[in-house]
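Asks: My questions will all concern the structure given below.
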Amino acid sequence: MSKKIILDENDLPKQWYNIQADLPKPLPPVIHPGTKQPITPDDLAPLFPMSLIMQEVSQERWIDIPEPVRDVYKIWRPSPLVRADRWEKALDTPAKIYYKWEGQSPPGSHKPNTAVAQAFFNKEAGVKRITTETGAGQWGSALSFACNILDIECKVYMVRVSYDQKPYRRLMMQTWGAQCLPSPSTETEAGRRILEENPDTPGSLGIAISEAVEEAAKREDTKYALGSVLNHVMLHQTVLGLEAKKQMEIAGDYPDIVIGCAGGGSNFAGLMLPFARDKIVDGKNIDIIGVEPTACPTMTRGLYRYDFGDTACTTPLLKMFTLGHAFIPAPIHAGGLRYHGMAPIICHLLDLGIIKAQAYHQNPCFDACISFARAEGHILAPETAHAVKATMDAALECKKTGESKVILFNASGHGHFDMASFQKYFDKDLEDYEYPDEELKKALESLPEIESA
């Protein structure tokens, strides 16, 4: 059988999978920060078109993918599933390793799976302008690409440290016609307040979200788009997990372990949710592992509590594992994983014991990423490197035990514009951060008091 399993475009899924229909226990409600009551669709209308709001709250198992969205997907989808046999030999492991390769999309990651969908539903609602935030720039470049195709104006608030570290990602956004500026900025009240308090802040996704939400809420011609965390984003990403299930069937294998890096949760959820369904409904014995940075240990050291999704406390309250909305992560190079919270769907599955979480320092992740690159060729993003590290550890454990487990991970983006971080790695200039307990405790003191649901 070929090392690479490629589906025909006719195999592109026609529906997204919504795990809310199969959860053993419903998701805790999203809470309005003012009334302290569950939000209604009308509460979200200033930020999102109603079609996306209805997807957010839907309990339907399958939601149709509009044909115009599928037509754009066909530029790069279906994406390949690849057997990493060269890496298996290099690791001398009896494990079988597969990766879903999302780096061939125009922006170079999984993010267009939801960017195209969100841009389409906004266009359908007559929206002329969208604001958003971005960490490492993967989401910002994906939304810029999608908005360009659908003729929507796009403005991106990019976390300042990544804006400086990754200039070529912001140039991608500019190439596709978007405006990109560093966050915190002087263009919003939230940005100006934070800069006054700390002019040298590296920024965070929470701050950038505050700025993008503030601008969208103040302008009638503008809506907000989010690249992770919310249910409709996880929904759109399942296109890649559904493809992977079909490809694993063609390969004659089924994963014992499914792995993805997790910052806000979109690529991890996109791969694992269809497999989580098998675990919940069919009783499949699968280990599903979300991998995060030790420098931003949301799932492994955070609390499962209600919190704001942004630093300025403008969003609804989500029940999630959180480090506190005031938490400012260290400036590690996996900018897409520097978020204080996590997708509620992922947190709910973690709380139920259906999935697991692991955390790693960035130097071991780069070690693993380079091992993979020297065997398989692809240079992956620092975010994906976390999934690679967990995969390598699982494969080496198989080497110890002699078990031939099947491991599947999501190679969610290439690292072509992250080479400055590889330079720091080779120069032995990458610092591993681990927050003292007292600092995490201080950040968690800002959590709002909401009765647990």
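The values are calculated or read from the model by the stated rules, or taken from the named source; none is laboratory data. All values reported here derive from a predicted model rather than from experimental measurement. Every residue, glycine as well, gets a Cβ built from its backbone with ideal geometry; the counts of neighbours run over all protein chains shown.
Asks: Please determine, by comparing only the residues of segment 16-36 that are under 30 Å from Lys246 (Cβ atoms) and out of contact with any Lys or Arg (no Cβ under 9 Å at 6 or more places or on another chain), which one is surrounded by the most Cβ atoms within 10 Å (Cβ to Cβ). Spell out the reasoning first.
Replies: Of the residues in segment 16-36, the ones under 30 Å from Lys246 (Cβ atoms) are 16-27.
Narrowing further to those that are out of contact with any Lys or Arg (no Cβ under 9 Å at 6 or more places or on another chain): 16, 23-26.
Numbers: Trp16: 28, Leu23: 18, Pro24: 10, Lys25: 8, Pro26: 10.
Ranking the candidates gives Trp16 first.
Asks: Does Thr300 satisfy being in a loop (DSSP other than H, G, I, E, B), β-branched (Val, Ile, Thr) and either surrounded by fewer than 24 Cβ atoms within 10 Å (Cβ to Cβ) or at pLDDT 95 or above (or both)?
Replies: Numbers: in a loop (DSSP other than H, G, I, E, B): no; β-branched (Val, Ile, Thr): yes; either surrounded by fewer than 24 Cβ atoms within 10 Å (Cβ to Cβ) or at pLDDT 95 or above (or both): yes.
No: the conditions fail for Thr300.
Asks: Out of (1) modelled with pLDDT of 95 or more; (2) under 26 Å from His232 (Cα atoms), the odd one out for Gly324 is which?
Replies: Among (1) modelled with pLDDT of 95 or more; (2) under 26 Å from His232 (Cα atoms), the lone unmet condition for Gly324 is (1).
Asks: Let me ask another. Quick check on this structure: which one of Ile39, Ile97, Ile75, Ile53 is crowded, with 17+ Cβ neighbours inside 10 Å and in the same structural domain as Thr384 (by TED's automatic domain parsing)? Lay out the reasoning, then the answer.
Replies: Numbers: Ile39 fails: in the same structural domain as Thr384 (by TED's automatic domain parsing); Ile75 fails: crowded, with 17+ Cβ neighbours inside 10 Å; Ile53 fails: in the same structural domain as Thr384 (by TED's automatic domain parsing).
Going through Ile39, Ile97, Ile75, Ile53 in turn, just one is crowded, with 17+ Cβ neighbours inside 10 Å and in the same structural domain as Thr384 (by TED's automatic domain parsing): Ile97.
Asks: Criterion first (farther than 26 Å from Ala216 by Cβ and of a type outside the set (Val, Ile, Thr)) does Phe327 satisfy it?
Replies: On the way: farther than 26 Å from Ala216 by Cβ: no; of a type outside the set (Val, Ile, Thr): yes.
No.
Asks: Okay, moving on. Of all residues being at pLDDT 95 or above and under 23 Å from Lys424 (Cβ atoms) in segment 331-360, which is surrounded by the most Cβ atoms within 10 Å (Cβ to Cβ)? Just the residue, please. Walk me through how you get there before you give the answer.
Replies: Applying the first criterion (at pLDDT 95 or above) to segment 331-360 yields 342-360.
Cutting the leftovers down to under 23 Å from Lys424 (Cβ atoms) gives us 359-360.
On the way: Ala359: 20, Tyr360: 25.
Here the answer is Tyr360.
Asks: Could you pull out every one of the helices (runs of 4 or more DSSP H) wholly within segment 124-226 that has 2 or more residues that are within 17 Å of the chain's Cα centre (by Cα) and either at pLDDT 95 or above or surrounded by 24 or more Cβ atoms within 10 Å (Cβ to Cβ) (or both)? Talk me through it step by step, then tell me what you get.
Replies: Values: elements: 138-150, 160-165, 167-175, 189-197, 205-218.
Correct list: 138-150, 205-218.
Asks: Test Gly135 against the criterion of being in contact with a helix residue (DSSP H, G or I) (Cβ under 6 Å, 6 or more places away or on another chain) and more than 26 Å from Ala244 (Cα to Cα), and give yes or no. I'd like the intermediate steps shown before the answer.
Replies: Values: in contact with a helix residue (DSSP H, G or I) (Cβ under 6 Å, 6 or more places away or on another chain): yes; more than 26 Å from Ala244 (Cα to Cα): yes.
Criteria met by Gly135.
Asks: Under 7 Å by Cβ, and 6 or more places apart or on different chains, what pairs join a residue from segment 66-95 that is acidic (Asp, Glu) with one that is crowded, with 21+ Cβ neighbours inside 10 Å and in a loop (DSSP other than H, G, I, E, B)?
Replies: Pairs that qualify, where the first residue is acidic (Asp, Glu) and the partner is crowded, with 21+ Cβ neighbours inside 10 Å and in a loop (DSSP other than H, G, I, E, B), are Glu88/Ala95.
Asks: Considering (1) crowded, with 21+ Cβ neighbours inside 10 Å; (2) part of a helix (DSSP H, G or I); (3) in contact with an Asp or Glu (Cβ under 7 Å, 6 or more places away or on another chain), say which one Gly263 fails and leave the rest.
Replies: (2)
Asks: What are the residues in segment 382-432 that are touching a strand residue (DSSP E or B) at 6+ places or on another chain (Cβ under 7 Å), touching a residue at least 60 places away in the same chain (Cβ under 8 Å) and not in a helix (DSSP H, G or I), if any? Please lay out each step first, then the result.
Replies: Taking segment 382-432 first, the residues touching a strand residue (DSSP E or B) at 6+ places or on another chain (Cβ under 7 Å) are 383-384, 386-391, 394-395, 404-415.
Restricting the remaining residues to those that are touching a residue at least 60 places away in the same chain (Cβ under 8 Å) gives 383-384, 386-387, 389-391, 394-395, 404-414.
If the condition is that a residue be touching a strand residue (DSSP E or B) at 6+ places or on another chain (Cβ under 7 Å), touching a residue at least 60 places away in the same chain (Cβ under 8 Å) and not in a helix (DSSP H, G or I), then Ser404, Lys405, Val406, Ile407, Leu408, Phe409, Asn410, Ala411, Ser412, Gly413, His414 are the ones that fit.
Asks: Show me the helices (runs of 4 or more DSSP H) found entirely inside segment 1-86 where at least 2 residues are modelled with pLDDT of 95 or more and within 21 Å of the chain's Cα centre (by Cα). Break it down stepwise before answering.
Replies: Numbers: elements: 41-44, 50-57, 67-73.
It comes to 50-57, 67-73.
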